[in-house]
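The values are calculated or read from the model by the stated rules, or taken from the named source; none is laboratory data. Since this is a predicted model, take the numbers as computed values, not measurements. Cβ placement follows ideal geometry from the backbone for every residue including glycine, while neighbour counts extend to all protein chains displayed.
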Amino acid sequence: MKISMPFKAIIAALTLSLGLLSCSKNSDYTPAEISGLSIIHASPTTEKLNVYVDNAQATIAEFSFGSKVDYLNAYSGSRKFDVAKAGTNTSLKTEQLTLEPQFGYSLFVIDKLENIKFLLLKDDLTKPAAGKARIRFVNLSPDAEALSLAIEGKPTDLFTNKAFKEYSTFETIDAAEKVTFNIKNNTTSAIETALTDVKIEEGKIYTIYAKGLKATADDTKFGAAIFTHK
């Protein structure tokens with residue numbers, strides 16, 4: 001769904017463009033088309049990474065597993081994305097991806113280092129109704145079976161049967177002071193991991209993602225994370 005620029009950074013960018021337009025003597029001046037781009041490190045590796053957009057670094061120096069860069073201004077259109085180990089100039093993955101103007105996107109860096117890739121998701125930032133929030137679920141664990149997401153105490157799962165790289169739409173849930181989200185094996189319904197006592201705020205939009213490897217016990221082990229679309 002197209003949005004009316006809900007993130008402050010893009011509003012600022014468009015305001016600047018409009019200001020330049022009003023001062024320009026060139027009546028043919030057209031403001032640049034802008035998209036919002038958030039970047040999440042979901043590759044189960046202890047390596048710090050850098051992400052580049054058209055050869056310009058878009059991530060912070062300490063972009064490690066679980067890190068997230070909130071919405072940046074990005075020119076719309078077809079853009080070249082690269083990911084590399086921090087401190088190196090060798091691209092591990094190059095991909096051409098398209099950003100539509102006035103949309104927000106979440107760019108996940110996913111899979112094991114030897115198979116690293118991008119997953120670009122369009123973010124539906126439509127404001128939730130009063131007393132509500134909206135949430136999406138993404139399975140980004142390379143060695144997990146298909147997963148479901150449930151809210152503890154609810155009779156039915158919120159999302160079901162999401163294999164690696166699969167994701168749900170954004171769905172509406174009630175705002176609450178404390179919510180426990182259970183990530184379950186879709187076949188057996190066994191709880192694989194959980195996010196407990198999460199505050200869900202009215203009017204906010206969230207993504208929960210399964211991350212890490214079931215086969216490891218270090219910092220890249222299987223778990224889950226939640227973030228707010230700011």
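Scanning the stretch 199-213 for residues that are touching a Ser or Thr at 6+ places or on another chain (Cβ under 7 Å), surrounded by fewer than 21 Cβ atoms within 10 Å (Cβ to Cβ) and either more than 13 Å from F137 (Cα to Cα) or not assigned by TED's automatic domain parsing to the domain that holds D143 (or both) yields K204, L213.
Testing F118 on (1) surrounded by fewer than 18 Cβ atoms within 10 Å (Cβ to Cβ); (2) within 15 Å of I39 (Cα to Cα), one condition comes back false. Which one is that? Of (1) surrounded by fewer than 18 Cβ atoms within 10 Å (Cβ to Cβ); (2) within 15 Å of I39 (Cα to Cα), only one is false for F118: (1). T94 falls short on exactly one of the conditions (1) surrounded by fewer than 16 Cβ atoms within 10 Å (Cβ to Cβ); (2) touching a residue at least 60 places away in the same chain (Cβ under 8 Å); (3) not in a loop (DSSP other than H, G, I, E, B), and that condition is (2). Being assigned to a loop (DSSP other than H, G, I, E, B) and either closer than 23 Å to A61 by Cβ or of a type outside the set (V, I, T) (or both) is a property that L125 has. Of the numbered criteria (1) assigned to a loop (DSSP other than H, G, I, E, B); (2) more than 19 Å from K214 (Cα to Cα); (3) out of contact with any Ser or Thr (no Cβ under 7 Å at 6 or more places or on another chain); (4) not charged (D, E, K, R), the one A144 fails is (2).
Residues that are touching a Lys or Arg at 6+ places or on another chain (Cβ under 9 Å) and of a type in the set (D, E) within the stretch 146-197 comprise D157, E171, D174, E177, E192, D197, listed in sequence order.
The residue that is farthest from the chain's Cα centre (by Cα), among those in the stretch 68-95 that are among the hydroxyl-bearing types (S, T, Y) and either closer than 16 Å to K117 by Cα or assigned by TED's automatic domain parsing to the domain that holds Y209 (or both), is T90. N115 satisfies every condition listed in (1) in contact (Cβ under 8 Å) with a residue 40 or more places away in the chain; (2) under 25 Å from N185 (Cβ atoms); (3) not assigned by TED's automatic domain parsing to the domain that holds F222 except (1). Can you name the residue in the stretch 147-178 that is in a loop (DSSP other than H, G, I, E, B) and among the polar types (S, T, N, Q) and is also farthest from K112 (Cα to Cα) among such residues? Step by step, filter the stretch 147-178, then rank; the result is T156. I'd like to check something: does the stretch 145-153 contain any residue that is hydroxyl-bearing (S, T, Y) and under 25 Å from G104 (Cβ atoms)? No; the residues of the stretch 145-153 include none that is hydroxyl-bearing (S, T, Y) and under 25 Å from G104 (Cβ atoms).
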